[in-house]
1. Would you calculate a helix-derived [θ] at 222 nm for chain B, using -39,500 (n - 2.57) for each DSSP H run of n ≥ 4 and dividing by the full residue count, to the nearest 500?
2. Among A:Leu62, A:Ser46, A:Ile27, whose Cα lies farthest out toward the positive end of the dipole of chain A, if unit charges sit on the beta carbon of Lys, Arg (+1) and Asp, Glu (-1)?
3. I'd like the orientation of helix B:110-144 relative to chain B: the angle between its Cα long axis and the longest Cα principal axis, in ° from 0 to 90, rounded to 10.
4. Label-point separation (nm) for B:Gln186 and B:Leu39, each offset 7 Å from Cα along Cα-to-Cβ?
5. Residue-wise, which Karplus ³J(HN,Hα) couplings in Hz belong to the range B:53-59, taking 6.51 cos²θ - 1.76 cosθ + 1.60, θ = phi - 60°, and x for glycine or proline?
6. Pick from A:Ile27, A:Ile43, A:Ile16 the residue whose mean-square fluctuation is largest in a GNM of chain A, springs joining Cα atoms under 10 Å.
7. Report the paramagnetic label zone for A:Asp8: residues of the range A:18-41 whose backbone N is under 20 Å from a point 7 Å from Cα along the Cα-to-Cβ axis.
8. Based on DSSP loop calls and a cut-off of at most 16 other Cβ atoms within 10 Å, the longest stretch of chain B free of exposed GluC sites (Glu not before Pro) is what?
Amino acid sequence: MPIIVRLDRVMADRKISLTELAGRVGITMANLSLLKNEKVRAIRFSTLEALCRELDCQPGDLLEYQPEQTEDSWGT
Amino acid sequence: MKYLGEKSASSVMKVVLDVAWYLALVGAVLLVLFMAYWLVGDPALPTGLLQIETPGLAFRFTGVIQEPVLRTKFALQFILIYLLLAVGLLVLFQLRKIFANLAGRTPFTKENVRRIRIIGIAAIVYALLSPVVYCLMGLYLSNIIHLPGVELIASFRLDLGGIFLGAVIIILAEVFNYGARLQEEQDLTV
């Protein structure tokens, strides 16, 4: 998927553990772990808002768009 | 009243269906033993008396003349009845599993969708099969039983209601399939 979750990087910058963040955001550690490992299909605005509030960051710090690399007909 | 989850109407239904399932299994085994007894022993029907029941009314005839029962033909009738019973058992089994799921967790699972679809198909199979089986049984009985002054005629009546019911259940399975997809989306959203 072209959307990359950079939660682990922001968490490392803020020196916050998964358990602590899950408690502060109000979601389960299992769900936060799924988000961190990009195993989810969608994220609620309320979750994103809580993450930005607790990590003091912008949504763009947590999510990154990387266009999928497609090979052209010459294989280059 | 709680309909889903633990200590709900679904959990009560699960227990009822479990009991019905084991009783039906015992019944199926007894039926096989009964057939074996008749095939090995003397497969003669009680002579002289015949009772035909319709909803709300029973006809009892005396002085019935019965032709000798052939074991092979009798066994064939038995196998036909057993086919219907097998469809019934299949439906009962699927219902048991569905209600076990409803008593435990969300109803919208791919497993429930599959089971509901099987019940719908089974309902159509039963609706198509039962008139054939009953007609063949009617033919068989009308050939071996003779009543003075009474004509026994085998009849065939298509069970349109059963076919319609099966189609409705299959469509409902698709509704559940849609629900299962939404549930999956919901489960993968944080």
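Readers should treat all values here as calculations from the given coordinates under stated rules, not as data from a laboratory. This is a predicted model, so every value here is computed, not measured. Here the Cβ is made from the backbone with ideal geometry for all residues, glycine too, and neighbour counts use every protein chain on show.
1. Values: 4 runs with 129 residues, N = 190.
Value at 222 nm, helices only, nearest 500: -24500 deg cm²/dmol.
2. A:Ile27
3. Compared with the principal axis, the helix lies near 10 degrees.
4. 5.1
5. Karplus values, whole Hz, x for Gly and Pro: 10, 10, x, x, 8, 10, 9.
6. Between A:Ile27, A:Ile43, A:Ile16, it is A:Ile43 that shows the largest mean-square fluctuation.
7. Residues passing the 20 Å test: A:18-23, A:28-41.
8. In short, B:7-150.
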